[in-house]
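Colleague: The structure under discussion is supplied below as structure tokens; questions concerning it will follow.
The values are calculated or read from the model by the stated rules, or taken from the named source; none is laboratory data. Fair warning: this is a prediction, and the values are worked out from it, not measured in the lab. Every residue, glycine among them, receives a Cβ derived from its backbone with ideal geometry; neighbour counts consider all protein chains shown. The accessibility values were calculated without ligands, DNA or RNA, using every heavy atom of the protein model including side chains. Shrake-Rupley method; radii C 1.70, N 1.55, O 1.52, S 1.80 Å.
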Amino acid sequence: MDPQPFTAWLKVSLLPRSNKNGYQRSDEVKACLPKSILIVDDEPSITSALQLILSESGFQVLTALNFAEATKTLSHADIDLVITDFCLPDATGIDLIIHIKKGTPDREVILMTGHGSLDITIEAIKCGAYYYLEK
């Protein structure tokens, strides 16, 4: 995974802005940002990298390497946002989106994949994905 596009997207969309850039997000916008994020990917290097980036920005980050770990974590932790890979060893990211939306329809999910296609994008959005990223 090339971290540059994803890191750039995080800086624009998710991470709190600082005075270094000459402006700061309002308290209203900060209140809407997620406090806790679950990263689901079967590649430990990806979960570790995203955990580092997001933790340094003040988010509580949990990780899971597969669908089963993710659902267990979701049942025990208060998670605001899930970032999941499409290809998991025991299911797909679409399966995880469906599972999440059945139980907590307001929880946001971002699907990321290295195997992007228009069909996957459309299916992810139809199932309730907030955003879709290609690795």
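Colleague: Would the stretch 107-118 turn up any residue that is farther than 21 Å from E43 by Cβ and either open to solvent by less than 20 Å² (accessible area, probe 1.4 Å) or not charged (D, E, K, R) (or both)?
Modeller: Here is the first cut: in the stretch 107-118, the residues farther than 21 Å from E43 by Cβ are 107-108, 118.
Within this subset, residues satisfying the condition of being either open to solvent by less than 20 Å² (accessible area, probe 1.4 Å) or not charged (D, E, K, R) (or both) are 118.
Within the stretch 107-118, one or more residues are farther than 21 Å from E43 by Cβ and either open to solvent by less than 20 Å² (accessible area, probe 1.4 Å) or not charged (D, E, K, R) (or both).
Colleague: Residues that are polar (S, T, N, Q), in a helix (DSSP H, G or I) and surrounded by 15 or more Cβ atoms within 10 Å (Cβ to Cβ): does the stretch 54-73 have at least one?
Modeller: Step one: of the stretch 54-73, the residues polar (S, T, N, Q) are 55, 57, 60, 63, 66, 71, 73.
Checking the rest, the ones that are also in a helix (DSSP H, G or I) come to 55, 71, 73.
Checking the rest, the ones that are also surrounded by 15 or more Cβ atoms within 10 Å (Cβ to Cβ) come to 71, 73.
Yes, that holds for at least one residue.
Colleague: List pairs: first residue in the stretch 68-97 and over 11 Å from T113 (Cβ atoms), second residue open to solvent by 40 Å² or more (accessible area, probe 1.4 Å) and assigned to a loop (DSSP other than H, G, I, E, B) anywhere in the structure, Cβ distance under 7 angstrom, at least six positions apart or on different chains.
Modeller: Listed pairs, sorted by first residue: A68/D90; D80/K35; P89/D42.
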